[in-house]
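Worksheet: the structure to be examined is printed underneath.
The values are calculated or read from the model by the stated rules, or taken from the named source; none is laboratory data. The shown structure was predicted, so the numbers you read here are calculated from the model rather than taken from an experiment. Backbone-built Cβ (ideal geometry, glycine too); neighbour counts: all protein chains shown.
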Amino acid sequence: MNLRCVSWLRGWPLLVGLAVTGPAHPQSLQPAPGITEAVYDGTLSLPVAGIVSRRPFREGDFVEAGQVLLELDSRLEALECQRRRLILEHRQSEYEALRRLFEQNSISVKKEELDKARADYEVARAEFLMAEEQLNRRRLLAPCVGTVAEILPELGEAVQPHQALVRLVDTRQAWFVANVDPAWSARIQPGQTVTLSLETVPAPIQVTGTVTFLSPVVDPASGLRKVKVLFDNTQARIAPGVAGHLLPAATAQR
């Protein structure tokens, strides 16, 4: 604002204008751009090599956690597992028979014989568990509920350890990920409900979400902080990957 005051110079009044600067208006927030991501988007593999023998699902199928997505030929591993099971059962019966005799104070069983039988049983049990694990490693299981987005190898195709095999996504919830400037980061915190504008077809839609993460550090190159907002997508209105904006409260639709 401008103030006018009177000063006296040699008996004559003199008007003096003073410029007083008031407090600066805080900079208004602008919508922060970002991208949407599926809450789970994983490319799965197996730790062993082999030939693809079974693909029970097709791309686009919905699967539950624990279902077999892909299986390698496992005939040899299954036979080895069966052999180890028979050995285990035999060692177990031998050990239990000797233990019963020993507990009856039978002089025909020495403690050394019982200890050896127990050791043989424990070794057989460990070898069976190892064979069972080798068999299980030839089956690719879904780690969570989701939709099969891509199956890479064909039936009969040879694959290598840790080769990408199946892409599984869970879009029932989605992330909105943005990098915001200090003006934004000073006004949001984890647990806060915010509004997003997402660029869907035929027109953008607004959804609400919850801030689940605000990076504790600022990127030194850009001066921005990463923020993640979790929102519901059970109706599949949003295809993760579309862009959008984090809206200031004043611009969100009431």
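Within 21 Å of E37 (Cβ to Cβ), in contact with a Pro (Cβ under 6 Å, 6 or more places away or on another chain) and at pLDDT 95 or above, is that true of A174? Yes. Taken together, L246, L230 contain a single residue that is part of a strand (DSSP E or B) and buried (at least 17 other Cβ atoms within 10 Å of the Cβ), which is L246.
When residues in region 129-186 are screened for being in a strand (DSSP E or B) and aliphatic (A, V, I, L, M), 14 of them pass. Scan region 39-70 residue by residue and report those that are part of a loop (DSSP other than H, G, I, E, B) and of a type in the set (G, A, S). S45, A49, G60, A65, G66 - these are the residues of region 39-70 that are part of a loop (DSSP other than H, G, I, E, B) and of a type in the set (G, A, S).
Going by the conditions given, is L114 in a helix (DSSP H, G or I), outside the structural domain of P240 (by TED's automatic domain parsing), surrounded by 15 or more Cβ atoms within 10 Å (Cβ to Cβ) and touching a residue at least 60 places away in the same chain (Cβ under 8 Å)? So L114 does not fit the description; no. In region 65-102, the residue that is surrounded by the most Cβ atoms within 10 Å (Cβ to Cβ) out of those that are among the polar types (S, T, N, Q) and within 15 Å of E133 (Cα to Cα) is S74. Within region 81-104, residues that are farther than 14 Å from R118 by Cβ and in contact (Cβ under 8 Å) with a residue 40 or more places away in the chain have Cβ atoms under 7 Å from residues that are part of a helix (DSSP H, G or I) and of a type in the set (A, V, I, L, M) in these pairs: C81/A131; C81/L135; R84/A131; I87/A124, counting only partners at least 6 apart in sequence or on another chain. Among the aliphatic types (A, V, I, L, M), buried (at least 17 other Cβ atoms within 10 Å of the Cβ), under 27 Å from the mean Cα position of the chain (by Cα) and in the same structural domain as R225 (by TED's automatic domain parsing): is that true of V180 in this structure? Considered against the rule, which asks whether it is among the aliphatic types (A, V, I, L, M), buried (at least 17 other Cβ atoms within 10 Å of the Cβ), under 27 Å from the mean Cα position of the chain (by Cα) and in the same structural domain as R225 (by TED's automatic domain parsing), V180 comes out as yes.
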